[in-house]
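Below: one structure, written as structure tokens.
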Amino acid sequence: MADEERRGGRGPRRERDNNREERDSEFVDRLVHINRVAKVVKGGRRFGFAALVVVGDQKGRVGFGHGKAREVPEAIRKATEAAKRSLVRVPLREGRTLHHDVIGRHGAGRVILRSAPAGTGIIAGGPMRAVFETLGMHDVVAKSQGSSNPYNMVRATFDALKHEDSPRTVAARRSIKVSTLQSRRQGVDADAVDA
């Protein structure tokens, strides 16, 4: 009887592990930066590694994480776990670009993100490109001004993405219908084409 209970205890755990693997398989991770640091000790130097990883499901969720360890794979694993814990959802227009232009800042890093027409592609530097690819964005124009430190660039990009609003949230905030908001936008787009 005790043996059956023990087997029964293993079953759900194995099932839970399978669910975790399925959930992990939906995410795409990109290694952005690895930093090697040295600690000077009596016998010489001890090397450690710090990794910056961006994780996303390519459907509008993305997160970043930082991990430190003595070995590179372990640092990457820690960073990936941290990134999965810090996922944010970003509203995308037609599932491919931003709803509006936005500016993000972190420390000395400053980034400008602009929505782009279909077929533009991802025009962005290294750390920002990793964020957009894992997010599932297909068309965006981005410019980094200020610090080129990958940590600051990624954090500034996330700051910008957090300020991104969808028409639904704007309509709810202003107590109007989404269709009214969209019709105004189409009128503005038509005026821009005429000019």
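Bear in mind that the values in this text are calculations on the coordinates, not laboratory data. The structure displayed is predicted, hence computed values, not measured ones. Neighbour counts run over all protein chains shown; Cβ positions are idealised from the backbone, glycine included.
Structure above, values below:
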read-out	value
Extension reserve of the Ile176-Arg93 stretch, reckoned as 0.36 nm per residue once the Cα distance is removed	28.0 nm
Under 5 Å, built H, 5+ apart or other chain: amide partners of Val28	Gly56, Asp57, Gln58
Residue-count net charge about Ala75 - beta-carbon cut-off 12 Å; Lys, Arg +1, Asp, Glu -1	+2
For region 24-175, with +1 on Lys and Arg beta carbons and -1 on Asp and Glu, the positive-most of Phe47, Phe27, Gly67 along the dipole	Phe47
Alpha-carbon spread of region 45-139, three principal axes, descending order, Å	51, 28, 20
Long-range HN-HN contacts of His33 with modeled amide H, under 5 Å	Leu52
